[in-house]
Every structure is written in C-alpha cells, then in structure tokens.
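The values are calculated or read from the model by the stated rules, or taken from the named source; none is laboratory data. Not measured: the values here are computed from a predicted model. Don't worry about glycine lacking a Cβ; one is built from the backbone with ideal geometry, like all the others, and counts go over all protein chains shown.
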Amino acid sequence: MSKTIRILGIDPGLRCAGWGLIEVHSGRLGFVASGTIKPDVKQTLAQRLASLCDALQDIVKREAPDMAAVEETFVNSNPRAALTLGQARGVCLAAPAMAGVPVAEYPANTIKKSVVGAGHAGKEQVQAMVRVLLPMSGKQGADAADALAVAICHAHHAAFAHRRSA
C-alpha cells in the first residue's frame, strides 16, 4: 500500500515569498494549496524576517507537510539584494526544519528542468507546466507557481532517490 506524501515547496523572497503544497500518492501529483507571503515593506528587516517566519510556521503547522523544498538563491549582481534574499532564504529553510520537517534545496535550473524540461525556461513556461501537471491548481501567480514547481521537482527527485535506495 502506497503512502501519501505531502511536500511543501517554498520560493524565497522578502517582498513576496511563494509557497505551494502538493500530495504524491502512487507516483501521482495532486494540488493541495498555495499562496504568497507578503511582509509589510514598511517594517524593519528584522520585523519582515520575523513575519515571514511566523507565516511559514503557521503554514507548516496547518498543512502538516512530510517534507519541504526550497529554491536556492541565484547569484545577484546587487550584493545588498543578494544578502537580503539570503536572509529570507535562511528563514525559509529554518521554519520547516524547526518543526522537524526535512528540507531539501534545489537550484532554479534544476527546478525548471524538472518541471518544464529546460533549465532556462521563463516564468510563463513554469506557470503553464504547473497548470498541466496540477490542473486543480488553476492560474497561479509567479511566486506561488514557482513554489509549486519546487515541490514538483522535489517529488521527482525524492522518488528517484527512493527507487535507487530500494
């Protein structure tokens, strides 16, 4: 008998972080929920990070994922923006981990290749393939679609790793 696995995908961001939850049962993907977290840009950096952490902890508690996956930060030409995004990403890694949820990380190119088949696919292509792979998800914003793509990528990679170890 195959167990249903719930995977939380997270697309880190301090202005807008996406999250998406899928279920995998007998190799089939199913949409559960998704959304975005938008900390108040008028708050201090510490307050925005705390807001992001609180929101993610609420999602983890409410949705009870079995595992989580987070998109790795790409290199940014603006060092300050890269540092701020790195701090947000740290919160995105820590929030599920603090609840005992195992967390994986994937580079953007790996995620796009897993979902679209091309590592340099555009946001529109990712959104379109998420709708194909998870028809019940409907039209998603870019951040929520990216988070669902992270979860889909992890589903593919976790299944492959499980088959190799069996």
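Every residue, every condition in (1) touching a residue at least 40 places away in the same chain (Cβ under 8 Å); (2) in a helix (DSSP H, G or I), yes or no:
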position: ILE111; (1), (2): yes, yes
position: VAL132; (1), (2): no, yes
position: LYS139; (1), (2): no, no
position: ALA145; (1), (2): yes, yes
position: LEU148; (1), (2): yes, yes
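Kindly indicate the residue of region 18-76 that is acidic (Asp, Glu) and assigned to a strand (DSSP E or B) and also nearest to HIS156 (Cα to Cα) among those meeting that condition.
That would be GLU23.
Looking only at region 46-89, filter to residues that are in contact with an Asp or Glu (Cβ under 6 Å, 6 or more places away or on another chain) and not hydrophobic (A, V, I, L, M, F, W, C); which one of those is farthest from ILE10 (Cα to Cα)?
Top of the filtered list is GLU72.
Restricting to region 33-52, count the residues that are in contact with a Pro (Cβ under 9 Å, 6 or more places away or on another chain) and not small (Gly, Ala, Ser).
Residues that pass the stated criteria total 4.
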Quick one: which residue in ALA88, ALA104 is assigned to a strand (DSSP E or B), within 16 Å of ALA147 (Cα to Cα) and under 14 Å from the mean Cα position of the chain (by Cα)? ALA104
Considering region 1-17, residues that are hydrophobic (A, V, I, L, M, F, W, C) and part of a loop (DSSP other than H, G, I, E, B), and then whichever is surrounded by the most Cβ atoms within 10 Å (Cβ to Cβ), we arrive at LEU14
State the number of residues belonging to region 119-166 that are at pLDDT 95 or above and either in contact with a His (Cβ under 7 Å, 6 or more places away or on another chain) or surrounded by fewer than 14 Cβ atoms within 10 Å (Cβ to Cβ) (or both). 0
